[in-house]
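> Could you have a look at this structure, given as structure tokens, before my questions?
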Amino acid sequence: MNIERFSLDQLRVFAQVADSGSFLGAARALARAQSAVSYAIGTLESQLNVALFDRSGYRPQLTDAGEALLRDARQVLDQVDSLQVR
């Protein structure tokens, strides 16, 4: 996996979907179109070659891979936020 293949923005969108519990909720929180959020997640899943969300139910649920990536993504985003503060 090449880390340069995905962006911080994709990680932020991913974390927001997980926090919001829906693509629509994330879109509202990020002031973006739902299609843009769906595209960002779909692209991230394609780049990583793994499903991050199980979309079979009413609300998307994190897969095991999604849970693992979310932990890592939060660490990366926290570190980036700290760098921006400095």
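> Roll a 1.4 angstrom probe over the protein heavy atoms and tell me the percent of accessible area of the chain that is carbon or sulfur. Write out the running numbers ahead of the final one.
Values: 2720 of 5570 Å².
Carbon and sulfur: 49 percent of the exposed surface of the chain.
> If you don't mind, there's one more thing I want to ask. From the phi of every residue in the range 10-15, what ³J(HN,Hα) in whole Hz does the Karplus formula 6.51 cos²θ - 1.76 cosθ + 1.60 yield, where θ is phi - 60° and glycine or proline is x?
4, 5, 5, 5, 4, 4
> List the extent of the Cα atoms of the range 12-86 along each of their three principal axes, largest first, rounded to whole Å.
That works out to 42, 27, 19 Å along the principal axes.
> Which residue, Y39, A27, V13, has the largest displacement toward the positive end of the dipole of the chain when charges sit on each Cβ (Lys, Arg +1; Asp, Glu -1)?
Checking the options against the dipole of the chain, the answer is A27.
> Around L24, what is the net charge, scoring Lys/Arg as +1 and Asp/Glu as -1 over all other residues with Cβ under 12 Å from its Cβ? Mind dumping the intermediate values first?
Working: positive: R28, R32, R59; negative: none.
That works out to +3.
> Collect residues whose amide H, placed 1.01 Å from N in the peptide plane, falls under 5 Å from the amide H of F53; neighbours closer than 5 in sequence don't count.
For F53, whose amide H was placed from the backbone, the distant partners under 5 Å are T63.
> Nearest 20 debye, what's the magnitude of the dipole of the range 2-86 about its Cα centre given +1 on Lys and Arg Cβ and -1 on Asp and Glu Cβ?
Charge dipole of the range 2-86: 260 debye, to the nearest 20.
> Let me ask you something else. For the chain, what is the accessible area per residue in Å² when the probe is 1.4 Å? Before the final figure, lay out the partial values.
Working: 5570 Å² over 86 residues.
With the other protein chains kept in place, the chain gives 65 Å² per residue.
> Next question. Using θ = phi - 60° and the Karplus curve 6.51 cos²θ - 1.76 cosθ + 1.60, what whole-Hz ³J(HN,Hα) does each residue of the range 71-86 get, with Gly and Pro shown as x?
4, 5, 4, 4, 5, 4, 5, 5, 5, 5, 4, 5, 4, 5, 5, 5
> In nm, what is the difference between 0.36 nm times the number of residues separating R74 and T43 and their Cα-Cα distance?
Result: 9.3 nm gained on full extension.
> What are the ³J(HN,Hα) couplings of the range 17-34, residue after residue, when phi is run through the Karplus curve with 6.51, -1.76, 1.60 and θ = phi - 60°? Round to Hz, x for glycine and proline.
Those phi angles translate into 4, 4, 5, 7, x, 7, 6, 5, x, 5, 4, 5, 5, 8, 6, 10, 6, 4 Hz.
The values are calculated or read from the model by the stated rules, or taken from the named source; none is laboratory data. Computed from a predicted structure; not experimentally measured. Quick reminder, even Gly has a Cβ in these numbers, built from the backbone with ideal geometry, and neighbours come from all protein chains shown. Keep in mind that these areas ignore ligands, DNA and RNA; they rest on the heavy atoms of the full protein, side chains included. Shrake-Rupley method; radii C 1.70, N 1.55, O 1.52, S 1.80 Å.
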